[in-house]
1. Figure the gain on full extension for Leu283 and Lys270 (residue separation times 0.36 nm, minus the Cα-Cα span) and round it to one decimal in nm.
2. Can you give me the relative contact order of segment 203-307 as a percent, contacts being Cα pairs under 8 Å and 6 or more apart?
3. On a 1.4 Å probe surface of the protein chains, which of Tyr126, Tyr49, Tyr54, Tyr209 comes out largest in accessible area, and what is the full order?
4. Using the Cα gyration tensor of segment 40-113, with a ≥ b ≥ c the square roots of its eigenvalues, what is the shape: rounded (a/c below 1.5), prolate (a/b larger than b/c) or oblate (neither)?
5. Return the long-range amide H neighbours of Arg2 (sequence gap of 5 or more, or a different chain), with a cut-off of under 5 Å between placed amide H atoms.
6. Normalised by the residues of the chain, what does the relative contact order come to in percent, with Cα pairs under 8 Å and at least six apart?
7. What FRET efficiency comes out for the pair Val62/Leu336, r = Cβ-Cβ distance, R0 = 45 Å, nearest 0.05?
8. Quick one: accessible surface of Cys278, probe radius 1.4 Å, all protein chains present, in square angstrom to the nearest 10.
Amino acid sequence: MRIGVVTGGGDCPGLNAVIRSVAKAAARRSWETIGIIGGYDGLLAPGNYRSLDYQALSGLLVRGGTILGTANQGQFTAKVGHGEHRQLPVELLARVKDGMAELGLSALVTIGGDGSLSIAQQFYEYGIPIVGVPKTIDNDLEGTLWTFGFDSAVACATDAIDRLHTTAESHRRVMVLEVMGRYAGWIALYAGVAGGADVILIPEIPFHYDRICTAIQEREKRGRHFSIVVVAEGARECDGEFITAASAPNSREARLGGIGGVVARQIEAKLNKETRVCVLGHLQRGGTPTSFDRALCSIFGAHAVELIAAKDFGTMVAFQGTQITAIPISEAVGRLKTVSPEGAFARTARALGICLGD
Ligand code: F6P
């Protein structure tokens with residue numbers, strides 16, 4: 001039996017670790033695994049792929065990015081706007097099915113976030129045997145407590161906060177760190193708490209500048225002449241708009257970015273206190289996965305192979321509490337898992353005296 005593995009959407013630490021795990025677990029069953037190059041396009045005839053034999057897997061556990069390449073635009077784009085999904089033309093689905101037959105593939109493992117998994121769901125409904133592995137640094141997929149890549153992104157952002165702390169303290173400045181996460185505040189909240197931020201702004205809790213300024217002034221009164229503000233790229237002022245880095249063509253999701261600079265300028269103007277901004281950007285997506293992510297990727301990949309063996313198609317591997325399980329892909333896509341403003345973690349932040357901007 002021959003299976004294929006494909007990576008889609010933005011890259012993230014751990015993609016290669018999942019590829020390795022899938023190929024190793026498949027080899028134990030004497031199945032051959034091939035890697036589809038460049039996202040779903042590689043499935044179309046004549047096919048673009050590479051062998052994932054034992055030799056090809058060497059060093060993959062720790063390697064960032066994806067050896068298969070990826071695509072988050074083109075004919076297999078499902079996400080066109082905030083929460084909107086596009087239906088693929090049936091001719092394209094037919095070409096994928098034919099391409100897979102030509103490649104001799106009995107099943108496909110897709111490693112992706114909301115966009116790639118929405119496509120996977122359409123493949124499944126068209127009769128293509130497929131299972132999913134949840135990937136995104138944003139951790140915004142429903143049905144799984146963790147997506148792989150999130151822990152690595154949080155580690156990167158926490159390290160950045162640690163570094164900003166020392167320079168903020170030395171210069172008695174406010175340092176604003178903008179992190180990724182799209183419309184979910186998981187990275188900002190986890191890294192902010194882990195790094196001891198004073199203010200954390202997330203999309204789920206629209207903020208007021210006077211609350212942020214009061215929090216910084218109160219620190220001043222206590223003799224703390226510096227502050228760290230972590231801002232999720234999707235954070236926005238109460239009644240304000242999302243700040244976008246570039247105007248997106250209609251066919252693509254908006255690119256968020258820039259709110260960190262806006263917040264920094266406002267704080268500086270309102271408090272007359274020197275303020276700097278640091279935008280962490282794609283550093284959060286690069287480099288080697290953390291040990292937690294390496295383990296999670298290994299678990300996810302091996303479990304995906306078990307799902308194929310059980311012919312449990314149309315499902316996505318999920319991490320729920322202490323259990324690795326599978327849920328229908330349809331339950332994971334189409335709506336985002338966002339931070340609950342009254343949930344345990346937001347309450348923890350408040351209990352620690354962190355200002356959430358409201
Ligand atoms: O979804 C992952 C993510 O890194 C988001 O956090 C961010 O908004 C987006 O992708 C950036 O995408 P691009 O790689 O197109 O700049």
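The values are calculated or read from the model by the stated rules, or taken from the named source; none is laboratory data. This one's a predicted model, so the numbers in the text were calculated from it and none came from an experiment. Please note: Cβ atoms are built from the backbone with ideal geometry, for glycine as well, and neighbour counts cover all protein chains shown. The area values use the complete protein model at the heavy-atom level, side chains included, leaving out ligands, DNA and RNA. Shrake-Rupley method; radii C 1.70, N 1.55, O 1.52, S 1.80 Å.
1. On the way: separation 13, 0.36 × 13 = 4.68 nm, distance 3.05 nm.
My answer for the length gained is 1.6 nm.
2. 19
3. Values: Tyr126 70, Tyr49 100, Tyr54 135, Tyr209 20 Å².
Listed by decreasing accessible area, they come as Tyr54, Tyr49, Tyr126, Tyr209.
4. Details: a/c = 2.76, a/b = 1.30, b/c = 2.11.
Taking the square roots of the gyration eigenvalues as a ≥ b ≥ c, segment 40-113 is oblate.
5. Under 5 Å from the amide H of Arg2 lie the amide H atoms of Glu32, Ser106, each far enough along the sequence or on another chain.
6. Working: 839 pairs, mean separation 82.4, N = 358.
Relative CO of the chain lands at 23 percent.
7. FRET efficiency, Val62 to Leu336: 0.90.
8. About 40 Å², ignoring ligands and nucleic acids.
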